[in-house]
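Please read the structure below before turning to the comments.
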Amino acid sequence: MYGLVLEGGGAKGAYHIGALKALEELNIEIEAVAGTSIGAMNGAMFVQNKLDLAYDYWYNISTSKVLDIEDQYLSELLNLSINQNNISYFIKKAKEVLQNRGLDNSFLKEILENNIDEESLRNSEIDFAIVTLSLSDLKPLELFIDDIPKGKVIDYIMASSYLPAFKMQRIDGKILIDGGFYENLPLNTLLNKGYKKIIAIRTYGLGEIEKRVDDNKEIIFINPSQELGRMLNFDQKNARKNIKMGYFDTMRYFKGLAGKKYYLNIKKDESFFVNYLLNLDEKVIKKLLKQLSLTEEPYFRSFFENLIPKLVNLLEISYQANYTVIVIRLLEELAAYLKIDRYKIYTFEELLRIVRENYQKKDKKLSSKLPAFIKTSSLLPKQIKEDLILDIAEKLFI
């Protein structure tokens, strides 16, 4: 059984929901949940076995519902599209915020009041904790359900989410604010309670899924594979994308899926991918070597000793990466260029087939016209690097 940690992050909390859906489908048993801010809200719903309800809220969310700000005006502001209409609108909103001493958070409070059953939380077999910070006495609070005064659970979950921009409320005479100002990823909250196996669902930390094992502790970090957007951008389209990403990023770890941008169920061993490269046409290999101004003879040796290291550098992957990783990453770049849906589990053969079916020959790229000394440089501009990768991928797969 695992402890579960849900990082704060406002609108990025949609990512939690997808991850929790995956854990539920995988029958991963959870014995404790600790959350900060939106992580506390999502965690409370999960502990009560109300994940489907939480999913519906996130799937149908909008910025206008959460912040009482019209989506159109917020979108224009975030895109730095300033005009007389939105300036007037935000001046009016600023006056309302000042009069109310903060942004209205009644939507979030209403969700909690309608869906949080304090008795259900207290009687659950899953332990539950939240993190908040007392401004009144400058003291962090890591509170398990038994530490929260009876009748005050909803108030304390709300307190964990009180960003300074929101309208403040006192609880038992104290001003409490968002727990992210103390511990946005409350790992220690569970570790200090004695939980040793933990799954941490990140919202801020981009990167590969990471696993740490030390001192009889096991921590799995589920990191977003792409940017989740801004904390206060509750745009419905973005929320739905983040739900999918959370689901598939979690499946990637527990099902051992390959890929960085896509999710591939690889049933072949490395020899399959080595043979794929060995079976490339001689003309293709020589064309690639010539394009990158590399030694053309003996062409197989130059391909593996010169071109593959160049490709590893272009793809910005570890030099210890095996041929499976190299070939898959190259295919992913071509799939992303073609805008093939990333939120699906593919086999290598399936993704390769879809890439070939959707491919249309590109116009000549600037990279093909560059002098040799630029193409062989390790310090290429981003666009040139992308063009070179696509040119190589085209010759290998199409």
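A simple spin-label model places the labels of residue 275 and residue 227 4.3 nm from each other, with each point 7 Å out along Cα-to-Cβ. Please state the shape class of region 211-265: rounded when a/c is under 1.5, otherwise prolate if a/b exceeds b/c and oblate if not, all from the C-alpha gyration tensor. Oblate, because a/c is 1.5 or more while a/b does not exceed b/c.
For residue 200, the amide hydrogen comes within under 5 Å of the amide hydrogens of 5, 220, 221, 222, counting only partners 5 or more places away or on other chains and with H modelled in the peptide plane. The 3J(HN,Hα) values that the Karplus relation (6.51, -1.76, 1.60; θ = phi - 60°) gives for region 287-302 are, in residue order, 5, 5, 5, 5, 4, 9, 6, 9, 4, 8, 9, x, 5, 5, 5, 5 Hz. Gly and Pro appear as x. I want to make sure I understand the PRE zone here: with the label point 7 angstrom from the Cα of residue 217 toward its beta carbon, which residues in region 3-30 have backbone N atoms less than 16 Å away? Of the residues in region 3-30, 3-6 have backbone N under 16 Å from the label point off residue 217.
On full extension of the chain, what length is gained from residue 336 through residue 254, given 0.36 nm per residue of separation minus the C-alpha to C-alpha distance? Kindly include the intermediate steps, with their values, before the conclusion.
Working: separation 82, 0.36 × 82 = 29.52 nm, distance 2.37 nm.
Difference between extended and current length: 27.1 nm.
Between residue 193 and residue 25, 0.36 nm times their residue separation minus their Cα-Cα distance comes to what?
Working: separation 168, 0.36 × 168 = 60.48 nm, distance 2.72 nm.
Here the answer is 57.8 nm.
Taking 7 Å steps out from each Cα toward its Cβ at residue 123 and residue 136 produces label points 3.1 nm apart.
Annotation: amide H-H contacts under 5 Å for residue 233 (H modelled 1.01 Å from N, sequence separation of 5 or more, or interchain): 11. Taking amide H as placed 1.01 Å from N in the peptide plane, residue 33 has its amide H under 5 Å from the amide H of 4, 127, 128, 129, each at least 5 places away in sequence or on another chain. Taking label points 7 Å from Cα along the Cα-to-Cβ direction, residue 296 and residue 107 give a separation of 6.2 nm.
A short reminder: the numbers here are calculations on the coordinates, not readings from a lab. Just so it is clear, the model here is predicted, and its values are computed rather than measured. Neighbour counts run over all protein chains shown; Cβ positions are idealised from the backbone, glycine included.
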